[in-house]
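Below is one structure, written out as structure tokens; the observations come after it.
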Ligand SMILES: [Fe+2]
Ligand SMILES: [Fe+2]
């Protein structure tokens, strides 16, 4: 099966040369159909829709149009439904299914898969579970995209969407919105963002582009830019791991969100039980991914310093540096930048800002990661508080401002492991060659996991990484996954 994936035409602000050339290439190709992932028009006006319809009548292949945020401006979604087609739907073939849906909140740039759309998607994924090829499409990007500035428009419930797409074995998700072509392999899910086909709104002086995607036993994504062609090939299923005999290199205990203070938001019993268990587990390293105290006050820091009597690496969360915390954190816990041995190297980042939940890594620290990645250690780990990938069971609001660029650099540099501690829910996902693990809150009464407060144990073997979550109160174990090392 072959698909042309186009996006973000933004009629009437088009570069005609790009539009005509793309249409010509599509008409002369052997693609089965075309999918347009939204922002067909710029302001949702009738005249824009009419112009777009006229222009697209030149395309000689069937087209699926998915609505974008620009199509939904000025009550544009009603025009979209009347003139273009339904906002969501199913295209089914003998061995494939394509589910497309609306992620637009009228007159907003942010996206969301509404409750009813989410249930619809789940129901359809269940119904078509046996299809060999499963494709899902919506306008907004699912994970942060590099080179597109401040991250703010990822779907509100991106974490939950990622979760079901992976659980139901979806092969491919197609989106647009950011006007910058990008591909990530997240577990077995290939996430493809298209650039803009013909709009003047490009980023970084980028050229207009579109994708040709060919799916058989492999997925081939060809990005055809107006000046060059880039191609990447992905295998569709990763190898399963059955036999886990390998030499163990080290064990990390990853904790976050202890929220120590004198109020009952800090669950002392939970904390003490968890630390008893941590001692029994005899880890080589303990890493605290931030929000050590509930508020950055002297009495909380003084209290916290009494609770930790094992060697721990700390990075600050926003809770730790509000009020006086900015000065207290280095005094009580130090601001360690890295820890490097032959076997393993850690790079610690401060992603937290004064009185703000929004995180940022910044160019200075990003450059230091590039330097750090050159060290000769066998296994490289980056630690920060804010999550880089959307996390299930949370409304996505904790992503770093510069998540797109940070995620891109960490995966490009093939950092083996990234540890984060925001959003109070555990998560472990491999994106490209990098495993990203988030820790739940260890002892804060406010947490989001049905399993309860917990911490993570990460066992690194020569050939694989084994991640599990340990419940703070009972010490029971829940496996988050096993991943093969490169
Ligand atoms: Fe757009
Ligand atoms: Fe958009």
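Mind telling me which of the residues 30, 71 ends up being within 16 Å of ligand 2 (Cβ to nearest atom), outside any helix (DSSP H, G or I) and modelled with pLDDT of 95 or more? Before you say what the answer is, go through the steps one by one.
Details: 30 fails: within 16 Å of ligand 2 (Cβ to nearest atom).
Result of the check over 30, 71: 71.
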Q.
Please go through the stretch 146-175 and give me each residue that is modelled with pLDDT of 95 or more, buried (at least 20 other Cβ atoms within 10 Å of the Cβ) and assigned to a loop (DSSP other than H, G, I, E, B), ordered by number.
A. 170, 171
Q.
Considering only residues that are touching a residue at least 60 places away in the same chain (Cβ under 8 Å) and within 30 Å of the chain's Cα centre (by Cα), which ones fall in the stretch 1-21?
A. 1, 2, 3, 4, 5, 6, 7, 8, 9, 10
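Return yes or no: is residue 140 assigned to a loop (DSSP other than H, G, I, E, B), within 16 Å of ligand 1 (Cβ to nearest atom), at positive phi and touching a residue at least 60 places away in the same chain (Cβ under 8 Å)?
Working: assigned to a loop (DSSP other than H, G, I, E, B): yes; within 16 Å of ligand 1 (Cβ to nearest atom): yes; at positive phi: no; touching a residue at least 60 places away in the same chain (Cβ under 8 Å): yes.
When the stated conditions are applied, residue 140 does not pass them.
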Q) Conditions: (1) closer than 26 Å to residue 397 by Cα; (2) within 16 Å of ligand 2 (Cβ to nearest atom). Residue 65 meets all but one. Number of the miss? A) (1)
Q.
Is it the case, given these coordinates, that residue 209 is within 16 Å of ligand 1 (Cβ to nearest atom) and without any contact (Cβ under 8 Å) to a residue 60 or more places away in the chain?
A. yes
Q. When only residues in the stretch 190-205 that are crowded, with 17+ Cβ neighbours inside 10 Å and closer than 25 Å to residue 433 by Cβ count, which is farthest from the chain's Cα centre (by Cα)?
A. 195
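Out of the stretch 188-199, which residues are in a loop (DSSP other than H, G, I, E, B) and in contact with a strand residue (DSSP E or B) (Cβ under 6 Å, 6 or more places away or on another chain)? Break it down into steps so the answer makes sense when it comes.
Here is the first cut: in the stretch 188-199, the residues in a loop (DSSP other than H, G, I, E, B) are 188, 194-198.
Correct list: 194, 195, 197, 198.
So, of the residues in the stretch 74-91 that are in contact (Cβ under 8 Å) with a residue 12 or more places away in the chain and closer than 18 Å to residue 140 by Cα, which turns out to be farthest from ligand 2 (Cβ to nearest atom)? It would help to see each step written out before you state the result.
First, pick out the residues of the stretch 74-91 that are in contact (Cβ under 8 Å) with a residue 12 or more places away in the chain: 74-77, 79-80, 83-85, 87-91.
Now narrow it down to the ones that are closer than 18 Å to residue 140 by Cα: 76-77, 80, 87-89.
On the way: 76: 12, 77: 13, 80: 13, 87: 15, 88: 17, 89: 20 Å.
By that ranking, first place goes to 89.
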Q: Give, as residue ranges, the helices (runs of 4 or more DSSP H) completely inside the stretch 257-374 that count at least 1 residues that are touching a residue at least 40 places away in the same chain (Cβ under 8 Å), surrounded by fewer than 18 Cβ atoms within 10 Å (Cβ to Cβ) and under 28 Å from the mean Cα position of the chain (by Cα).
A: 362-372
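The values are calculated or read from the model by the stated rules, or taken from the named source; none is laboratory data. For clarity, every value in this text was computed on a predicted model and none was experimentally measured. Every residue, glycine as well, gets a Cβ built from its backbone with ideal geometry; the counts of neighbours run over all protein chains shown.
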